[in-house]
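Here's the structure we're looking at; comments come further down.
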Amino acid sequence: MHANRRPNLQPLSMLPMLACVVDEQLADLEKQLAAIQRAHERTGSMDDATIDHVLRVFGETKQLLPTYELQVDHWRTSCSPSVVQASQIAHLAEQLTISIKVVNEILKLADEIKGQTIEALMGIGDLAWGLAALGAHPPKDGP
């Protein structure tokens, strides 16, 4: 989101839908965190392309989370939620706080793994592997 662009804030009637989206997103984030933690424990278990993808996708996710927070703030300050809706908004805010922590942990671990990918350990990149597979020249020994 550009600094000068404001998102299209949703009416309070969209609260249940957004709460469902955030709950499901958090469940998926927690699964991804568990997977990246397993990969982090196994040096060389991931390749550069996969880690680059993880960093890009979860970097984009991190950029979107403030939009959800802005929506929650809008509902709290500019709408008149019922007691039930106020409780749902509070739950949503908690889920967003957890989501931010999980995304940050995924990005931290992925950044650490980046220096421990199979390519980093072997000291050669995709081009060298591709050429080696074609018989152009053998891959270099480790770093």
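The values are calculated or read from the model by the stated rules, or taken from the named source; none is laboratory data. Keep in mind that this is a model prediction, so the values were computed, not measured. Ideal geometry is used to build each Cβ from the backbone, glycine not excepted, and the neighbour counts take in all protein chains shown.
Data for the structure
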{"read-out": "Residues located in region 34-71, provided they are out of contact with any helix residue (DSSP H, G or I) (no Cβ under 9 Å at 6 or more places or on another chain) and of a type in the set (S, T, Y)", "value": "T67"}
{"read-out": "Test: residue in region 42-53 that is without any contact (Cβ under 8 Å) to a residue 60 or more places away in the chain and exposed (fewer than 11 other Cβ atoms within 10 Å of the Cβ)", "value": "yes"}
{"read-out": "Residue among K31, K62 that is surrounded by fewer than 17 Cβ atoms within 10 Å (Cβ to Cβ), in contact (Cβ under 8 Å) with a residue 40 or more places away in the chain and either touching a strand residue (DSSP E or B) at 6+ places or on another chain (Cβ under 7 Å) or not β-branched (V, I, T) (or both)", "value": "K62"}
{"read-out": "Spans of helices (runs of 4 or more DSSP H) in region 38-125 with at least 1 residues more than 30 Å from P11 (Cα to Cα), under 19 Å from the mean Cα position of the chain (by Cα) and at pLDDT 95 or above", "value": "48-78, 83-114"}
